[in-house]
Structure formats: C-alpha cells, structure tokens
Amino acid sequence: MAYAVKEVYLTLQGEGGHAGRAAVFCRFAGCNLWSGREEDRSTAACRFCDTDFVGTNGPGGGKFRDAAELAHHLRRCWDEECSGGVPYVVFTGGEPTLQLDKKLVDACHAAGIEVGLETNGTGKVPAGVDWICVSPKPRSEIVQTEGHELKLVYPQPELSPTDFEHLDFEHFFLQPMDAKGRTAANIEAATRYCLANPKWRLSLQTHKLIGIP
C-alpha cells in the first residue's frame with residue numbers, strides 16, 4: 001500500500017496525556033469528515049478544523065510506496081534531530097485511519113518506533129498501536145470505542161461529555177475550542193466543567209501557547 005503524507009515534523013506533543021513529550025508528527029492527507037476546502041466547510045460534518053491536510057506538499061511530506069519506506073523516513077526524522085530516547089511518532093491527519101494499517105504499525109515497531117494515533121474514531125484502529133487518542137466529532141458515528149484517551153473539543157452544542165463517559169478509555173480530556181473571540185470563554189467553561197466533573201481533565205493546546213507547530 002502507498003501512503004500520502006501531508007507533512008512530517010518533530011515537535012512537542014501539545015495536548016492530552018503525552019503533552020510535553022518530543023514526538024514526530026506524521027500528518028496523513030485526507031479526511032472523511034471534511035474535504036479541506038473552505039467552500040465545503042459549512043456543509044461538513046466537522047466544521048471547526050484548523051488543520052491543512054490537503055495534498056502532500058508540506059515539510060517532510062510526500063508519497064511513500066510502502067510501509068518500510070515511510071517507517072524509515074520517520075525514524076530518520078527522529079534520529080536527525082533527537083539525541084537518544086525512544087522514538088515516538090504520532091499519526092494524525094486529516095483522518096489517519098484512512099491510511100494507517102497493520103503493515104505500517106509493524107514496520108514502525110521494527111524500526112524501534114513507538115506508535116501513537118490521533119483519530120476521530122470513525123474507523124477501526126489497526127492492532128498494535130501503542131497509544132490511541134479518539135477525538136469525537138459531530139454528525140459522525142464512533143466505531144473505535146476503546147483506547148487510552150478520549151479528547152473532546154468543548155463546547156460543542158451537538159456533543160456533551162456525558163455522551164462518551166460509558167466508553168472504555170483510560171483518560172477523558174476536555175479541550176477548549178480555539179475559536180476567534182471565544183477562546184478565553186471556552187477555556188473558562190471547560191475549566192468549570194472539569195472542576196464539577198473530575199472524571200474529565202483539562203487539555204490545553206500548549207504548542208499554540210508557546211508558538212511551536
């Protein structure tokens with residue numbers, strides 16, 4: 001299987017249970033909830049996405065002919081910039097389960113890479129992924145109902161935290177929606193909710209706060 005990747009870059013994980021950890025992000029091209037074109041945003045299932053996942057022209061991006069080639073590319077990105085440590089790669093998108101398969105997971109493990117995943121939960125995650133983060137989106141059905149963390153962007157009129165508390169996740173995070181003119185109010189609302197409902201923990205987009213990708 002060939003893989004279409006928008007970009008690959010080293011950064012610090014900014015959100016959730018691994019916040020602050022060095023990670024190579026592999027952003028796959030394409031999503032099943034939005035085309036990525038502004039003219040389609042108003043009719044998309046997910047209307048608040050702030051990510052460019054169209055094409056393969058980003059830094060470190062491209063088309064990779066097989067799992068071994070992409071795994072080698074990801075390991076090289078880590079080795080060129082990091083001194084030691086366990087290489088950690090986060091597959092994201094767009095929607096990574098449209099492309100991530102067991103062959104790629106196995107190829108990453110063979111290269112000594114720990115595999116993380118950030119998904120909207122509408123596709124099943126292949127076996128062997130080391131850290132599964134599901135971030136539900138409106139107007140879509142979650143089929144990945146277990147994992148390590150569920151991260152809900154908050155507030156969303158169509159989704160309530162109580163809709164997901166029965167699912168089999170180790171951690172539950174509320175992440176304030178980054179919306180022009182509303183971010184501060186959303187942080188306050190998410191903070192209040194977490195104080196009143198301690199099953200949930202606050203997740204801030206720390207990479208945006210410190211100005212890194």
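We did not get these values from a lab; they are worked out from the coordinates using the rules stated. This structure is a prediction, so every number in the text was calculated from the model and none was measured. FYI the Cβ positions are ideal-geometry reconstructions off the backbone, even for glycines, and counts take in every protein chain you see.
Annotations for the structure displayed:
- Applying the Kirkwood pairwise sum to the alpha-carbon positions of segment 87-128 produces a hydrodynamic radius of 10.4 angstrom.
- Residues of segment 86-100 falling in the label zone of Arg41, defined by backbone nitrogen less than 16 Å from a point 7 Å along Cα to beta-carbon, are 94.
- Shape metrics for segment 99-213, restricted to C-alpha atoms - Rg then Dmax, Å: 15.5, 46
- The long axis of helix 183-196 is offset from the longest Cα principal axis of the chain by roughly 80 degrees.
- Helix 67-81 axis, angle to the chain major axis (alpha carbon atoms, nearest 10°): 80 degrees
- Dipole orientation for the chain: of the candidates Leu70, Trp200, Ala189, Ala189 has the Cα lying most toward the positive pole (charges on Cβ; Lys, Arg +1; Asp, Glu -1).
- The simple Förster model, with R0 at 45 Å and r as the Cβ-Cβ distance, assigns Glu69 and Ala196 a FRET efficiency of 0.35.
- Evaluated at q = 0.13, 0.19 Å⁻¹: base-10 log I(q)/I(0), Debye formula over Cα of the chain: -0.73, -1.55
- Gain upon complete extension [Glu114, Lys102; 0.36 nm per residue less C-alpha separation]: 3.0 nm
- Among beta bridges from DSSP that stay inside the chain, the antiparallel ones total about 30%.
- Measuring spread by the Cα atoms of segment 1-46 yields a radius of gyration and Dmax of 14.0, 36 Å.
- Taking trypsin sites (Lys or Arg not before Pro) across segment 112-170, the ones in a DSSP loop with at most 14 further Cβ atoms lying within 10 angstrom of their Cβ are Lys124, Arg139.
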